[in-house]
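Below: the structure, in C-alpha cells.
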C-alpha cells in the first residue's frame with residue numbers, strides 16, 4: 001500500500017490514462033490533416049473551372065445584359081467572354097439533339113444545356129467547361145445554320 005500512496009495514488013493513475021488518451025487522439029488527428037489538406041486542394045482546383053472570365057472587353061456591347069441573363073438547365077451561362085461562336089461545320093442537329101465539335105472532338109450536347117430562348121446574337125454559341133472529369137457543355141445556343 002505504501003508504494004501506491006508514494007506514487008500518487010489514484011491521481012497518478014488518472015494522469016496516466018489522460019496522457020495516453022491525449023496521445024491516442026493526437027495520433028488519430030494526424031491522419032486527418034493530409035485528408036483535409038488534399039480535399040481543400042481538390043476543391044480549389046475544381047472550382048477554378050467554374051469562374052467567369054469577363055475581362056471587360058464586352059462591357060459596352062448592347063447585348064451584354066442579354067448574354068449575362070442566359071441560363072440553361074445546367075445554370076447560368078456566364079457571359080459572352082466565357083462562350084464562343086461555333087462555325088456551321090462544327091455543329092449539327094440530328095433527331096432533335098445537337099452535337100458540337102470542340103478542339104477537334106465531337107461532343108453530344110445534353111438536352112438540359114440547350115438554350116431555348118431566341119438567339120439575339122444570330123450565331124451558334126457554346127459554353128464548354130473543362131474539369132478534372134473532362135469536357136462538359138454548360139450551355140449551347142443554336143444559330144441559324146445558313
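Observations, loosely collected:
- Some residue of segment 95-111 being under 22 Å from residue 63 (Cβ atoms), assigned by TED's automatic domain parsing to the domain that holds residue 63 and in contact with a helix residue (DSSP H, G or I) (Cβ under 8 Å, 6 or more places away or on another chain): yes
- Listed here are the strands (runs of 3 or more DSSP E) enclosed by segment 65-142 that have at least 2 residues being buried (at least 16 other Cβ atoms within 10 Å of the Cβ), more than 16 Å from the chain's Cα centre (by Cα) and in contact (Cβ under 8 Å) with a residue 60 or more places away in the chain: 134-141.
The values are calculated or read from the model by the stated rules, or taken from the named source; none is laboratory data. For clarity, every value in this text was computed on a predicted model and none was experimentally measured. Cβ sites come from the backbone with ideal geometry, for glycine too, and all protein chains shown count toward neighbours.
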